[in-house]
Amino acid sequence: MTHFLDIHKTDPADLRRIIDTARKMKDNRDGRPKGAADDERPLEGAMVALIFEKPSTRTRVSFDVGVRQMGGQTMVLSGADMQLGHGETIADTARVLSRYVDLIMIRTFEEATLLEMADHAEVPVINGLTNRTHPCQIMADVMTYEEHRGPIKGRKVVWSGDGNNVFASFAHAAQQFDFEMVFTGPEPLDPEPALRGLITVERDPAKAVADADLVVTDTWVSMHDPQSAKERRHNQLRGYQVNAELMARARPDALFMHCLPAHREDEVTSEVMDGPHSVIWDEAENRLHAQKAIMRHCLGL
């Protein structure tokens, strides 16, 4: 059984093969209509369950389109559609779904839900996001960086903002792909202690981005954060906004990424989002290609 639960739980050689496969599959699309099938249809006849306990745009659309392009079918389920962890245990749900589908992608709140699903499923399980990590996003980010600037190995990546789940997966990727990861943000929003050995912390964002090859940020208030935290987060993070002045301190050819959705003029200005450093739309598109490669990896195709 080959699950894709987190970047640090996947062998670096497998991660590299996933990126290489994603790039080949993207090249082979050759400008054809989005709804047209790939020449290869490795998921022909396969059924994929896409489970969403959290709202989603990019994850839902990219997985759904990706399965269809590879010849498979999808069953999209929301938390309201299921008895996940309520009327039925997660373990029992995993056992039942395994009798109906060939692959499960789950986007959920608690990491424990993902792990219990994987422990009891008889088919591969993919982490579409938890409160702790977001590995599919970072695979797309690595792919995007390498499309524009070549190998990410040895590069300097700077995260400005909250040490959240997306940052955690970036820190895991730094270890697996061998690049430098710098966190700049207020101490109360530091990443979890387990990540400290994988990153460098620099409180001053201007110093942090010096010689950066890539600058990344995310929303100041995550989906799982209470709305009561909004004003406090804005006060804490205002000095870590990615704006033109901050980007000017990075390398001249530095890229900017954001996993989206973005709150323009909060964590990043429109000038940066729409400016020459930004590759956010390529980054969003590459969710599709990276996840297609992840599905193939999980199914051994």
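The values are calculated or read from the model by the stated rules, or taken from the named source; none is laboratory data. Every value quoted in this text rests on a predicted model; they were computed, and no experiment measured them. Note that each Cβ is placed from the backbone with ideal geometry, even for glycine, and that neighbours are counted across all protein chains shown. Heavy atoms of the whole protein, side chains included, go into the accessibility calculation; ligands, DNA and RNA do not. Shrake-Rupley method; radii C 1.70, N 1.55, O 1.52, S 1.80 Å.
Details
- Close amide H partners of Leu214, meaning residues 5 or more places away or on another chain with modelled amide H under 5 Å apart, are Lys156, Val158, Leu255.
- 29 Å Cα-Cα threshold exceeded, pairs from Lys153/Lys207; Lys9/Lys153; Lys24/Lys207: Lys24/Lys207
- Loop-located GluC sites (Glu not before Pro) in the stretch 39-91 (DSSP state not H, G, I, E or B) with no more than 15 neighbouring Cβ atoms inside 10 Å: Glu40, Glu44.
- Value of [θ]222 nm, deg cm²/dmol, for the chain, DSSP H segments ≥ 4, -39500 (n - 2.57) each, nearest 500: -11500 deg cm²/dmol
- Solvent-accessible surface (1.4 angstrom probe) belonging to Leu198, in square angstrom, nearest 10: 50 Å²
- Probe 1.4 Å, protein heavy atoms only - accessible area per residue of the chain in square angstrom: 43 Å²
- Dipole magnitude (debye, nearest 20) for the chain, charges at Cβ of Lys, Arg, Asp, Glu: 360 debye
- Whole-percent carbon and sulfur share, accessible surface of the chain, 1.4 Å: 47 percent
- Seen from Thr217, the other residues with C-beta closer than 11 Å to its C-beta sum to a net charge of -4, counting Lys and Arg as +1 and Asp and Glu as -1.
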